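Below is one structure, written out as structure tokens, with a few remarks after it.
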Amino acid sequence: MGDTSYFLFHTVLVVSFLALVFYGIYFVTQKKKIRTLARWTLLASGILQTFYILLRYLQTGYTPITSQHETIVFFAWSVTWAYLSFRWRYTVKNFGTLISILIVILLLIAATASRTITPLPPALQSWWLPVHAGISVLSYGFLALAFCSGVMYLLQEYELKSKRLGYLFTRLPSLDSLDQLNSHCLATGFILFTLGIITGSFWANQAWGAYWHWDPKETWSLITWFLYAAQLHQRFSAGWRGKRAAIMAIIGFAAVLFTLWGVTYLLGGAHSYVR
């Protein structure tokens with residue numbers, strides 16, 4: 001089954017890269033047939049990612065979201081399906097190009113991490129694992145969409161302010177559509193992120209007898225939560241939109257990445273299982 005897993009993961013990489021190529025060609029040519037091909041290829045990538053996660057589950061016997069390789073693959077899966085779920089509701093021109101770049105980057109990082117299967121640490125042997133970790137990483141997928149919309153917003157705004165409407169202007173989405181997408185992805189991601197923290201506290205109480213320990217990852221998760229909570233508050237009470245919302249989405253996602261990776265490698269703690 002190890003050979004099957006190896007083959008399937010690299011198939012995921014190839015198909016995801018093809019989706020990126022097709023989106024890149026569409027970005028240049030703006031041909032609708034290429035866009036359709038890119039979308040179906042990304043959908044195929046999402047399905048293959050799902051099969052890989054299921055195969056990994058059969059190999060390990062537990063939810064495959066504890067090692068760096070597994071977590072990053074699940075992160076890529078979350079981004080893929082978060083985009084595909086929003087794609088059926090919103091039409092945001094060329095948004096898939098940036099999303100496919102992010103997915104390929106995540107999968108390439110996952111390819112560098114060890115795929116060795118090791119026994120599950122006692123602290124992770126709980127049914128809370130798929131609930132807490134799954135919801136948390138799924139929230140990262142939607143927050144990644146908010147990040148991408150923020151990046152594209154700043155690029156488009158720069159084009160407009162430069163008064164030289166060039167190559168990017170005709171290919172990037174409108175500022176209004178990007179701002180709306182940012183709002184919806186942020187709201188969805190924040191709700192899931194909040195649920196991730198809540199379920200994590202229940203798990204901590206079950207495992208260690210207290211809901212909160214101020215572990216480095218717990219602390220940075222709370223900092224990240226406050227960043228997004230502040231952004232949502234300012235957006236709906238003070239009318240923070242446009243550029244400020246885009247910048248905050250980028251800062252928030254940087255905090256997400258630090259919570260996911262930076263804490264593990266730099267600060268350690270009970271939540272760090274580097275395998």
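The values are calculated or read from the model by the stated rules, or taken from the named source; none is laboratory data. It should be emphasised that the depicted structure is a prediction, and the values quoted were computed from it without experimental measurement. All Cβ positions, glycine included, derive from the backbone under ideal geometry; neighbour counts span all protein chains shown.
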**Request:** For residue 105, indicate whether it is β-branched (Val, Ile, Thr), surrounded by fewer than 17 Cβ atoms within 10 Å (Cβ to Cβ) and either assigned to a helix (DSSP H, G or I) or more than 13 Å from the chain's Cα centre (by Cα) (or both).
**Result:** yes
**Message:** For the condition surrounded by 15 or more Cβ atoms within 10 Å (Cβ to Cβ), more than 20 Å from the chain's Cα centre (by Cα) and at pLDDT 85 or above, what is the one hit in 175, 227?
**Reply:** 175
**Message:** Out of the residues in segment 3-26 meeting the condition of being touching a residue at least 60 places away in the same chain (Cβ under 8 Å) and crowded, with 20+ Cβ neighbours inside 10 Å, tell me which one is farthest from residue 104 (Cα to Cα).
**Reply:** 26
**Prompt:** Cβ-Cβ below 7 Å, separation at least six or inter-chain, first residue in segment 137-153 and assigned by TED's automatic domain parsing to the domain that holds residue 235 and farther than 15 Å from residue 101 by Cα, second of a type in the set (Asp, Glu) and assigned to a helix (DSSP H, G or I): which pairs?
**Reply:** 153/179
**Message:** It is to be established whether one or more residues within segment 77-96 are surrounded by 23 or more Cβ atoms within 10 Å (Cβ to Cβ), at pLDDT 95 or above, under 13 Å from the mean Cα position of the chain (by Cα) and aromatic (Phe, Trp, Tyr).
**Reply:** yes
**Message:** Just to be sure before I move on: is residue 67 surrounded by 18 or more Cβ atoms within 10 Å (Cβ to Cβ), modelled with pLDDT of 95 or more and within 27 Å of residue 136 (Cβ to Cβ) in the structure I sent?
**Reply:** no
**Message:** If I filter segment 103-112 for residues that are free of Cβ contacts under 8 Å to residues at least 60 places away in the same chain, aliphatic (A, V, I, L, M) and not assigned by TED's automatic domain parsing to the domain that holds residue 28, do I get at least one hit?
**Reply:** no
**Asked** Before we move on, is residue 34 part of a helix (DSSP H, G or I), over 20 Å from the mean Cα position of the chain (by Cα) and at pLDDT 90 or above?
**Response** yes
**Message:** For segment 211-242, which positions are in a loop (DSSP other than H, G, I, E, B) and without any contact (Cβ under 8 Å) to a residue 40 or more places away in the chain?
**Reply:** 211, 212, 214, 238, 239, 240
**Item:** Residue within segment 80-97 that is in a helix (DSSP H, G or I), touching a helix residue (DSSP H, G or I) at 6+ places or on another chain (Cβ under 9 Å), more than 19 Å from residue 180 (Cβ to Cβ) and not assigned by TED's automatic domain parsing to the domain that holds residue 36 present
**Value:** yes
**Prompt:** Can you name every residue in segment 37-64 that is more than 25 Å from residue 143 (Cα to Cα) and either touching a residue at least 60 places away in the same chain (Cβ under 8 Å) or hydroxyl-bearing (Ser, Thr, Tyr) (or both)?
**Reply:** 57, 60, 62
